[in-house]
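The values are calculated or read from the model by the stated rules, or taken from the named source; none is laboratory data. Owing to the predicted nature of the structure, the values given are computational and were not obtained by experimental measurement. Please note: Cβ atoms are built from the backbone with ideal geometry, for glycine as well, and neighbour counts cover all protein chains shown. Ligands, DNA and RNA are excluded from the accessible area calculation, which covers all protein heavy atoms including side chains. Shrake-Rupley method; radii C 1.70, N 1.55, O 1.52, S 1.80 Å.
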Amino acid sequence: MSSVLLKVSGEVDQPSEWTFEQLRDIGGEHQITDVSQYDVKRAGGAVKLAGLLGLVGAKPSASYLGLHSSADNFHASIPLEPVRDRAFLIYQVNDQPLDASAGGPLRFFVPDHAACHTDEIDECANVKFVDHIELTAEK
């Protein structure tokens with residue numbers, strides 16, 4: 001059995017844990033098969049943040065997105081609305097799980113982050129080693 005790559009918790013109807021296979025099996029409408037179309041420096045496949053949030057049932061009270069990485073003890077909280085429909089989580093390259101050397105298990109990425117119009121997001125537009133997303137009502 002595969003290990004859990006991502007945990008989603010907080011202000012959601014269904015707190016969930018996702019393996020590589022489960023992320024890969026999320027419907028095509030929520031997938032990005034080639035992230036290089038958004039940034040030529042990036043490679044791999046990703047799941048759209050909006051799609052993932054729809055699957056776990058993000059509550060209306062969810063105003064902030066917490067990004068957590070146990071690999072380097074990183075934690076950040078950013079406003080959810082500016083990134084909800086723009087961000088994605090890169091989880092694979094060449095049909096294999098994203099290696100830690102490339103920022104795995106997941107790399108949170110916001111293309112054109114300047115369009116979000118907030119400095120908080122500029123700092124968190126490319127977060128490596130993400131393994132937990134937590135939705136919260138407050139920062």
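Numerical summary
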{"read-out": "Simple spin-label estimate for Q22 and T136 in nanometres, 7 Å along Cα-Cβ", "value": "2.3"}
{"read-out": "MRE, 222 nm, helices only [DSSP H, n ≥ 4, -39500 (n - 2.57), over the chain, to nearest 500]", "value": "-3000 deg cm²/dmol"}
{"read-out": "HN-Hα J in Hz across segment 63-69 - Karplus 6.51, -1.76, 1.60, θ = phi - 60°, x for Gly and Pro", "value": "10, 10, 10, x, 10, 10, 9"}
{"read-out": "Length-normalised contact order of segment 1-72 in % [C-alpha pairs under 8 Å, at least 6 apart]", "value": "29"}
{"read-out": "Given the chain, longest segment not containing exposed loop GluC sites (Glu not before Pro) (DSSP; at most 13 other Cβ within 10 Å)", "value": "1-122"}
{"read-out": "Charge sum, other residues only, whose C-beta stays under 13 Å from A43's C-beta, Lys/Arg counted +1 and Asp/Glu -1", "value": "-1"}
{"read-out": "Accessible area per residue, Å², segment 39-96 with all protein chains present, probe 1.4 Å", "value": "46"}
{"read-out": "The chain, relative contact order in percent, only Cα pairs under 8 angstrom and at least six apart counted", "value": "29"}
{"read-out": "Cα gyration tensor shape for the chain, rounded if a/c is under 1.5, else prolate or oblate", "value": "rounded"}
{"read-out": "12 Å beta-carbon shell around P111, net charge (K/R +1, D/E -1)", "value": "+1"}
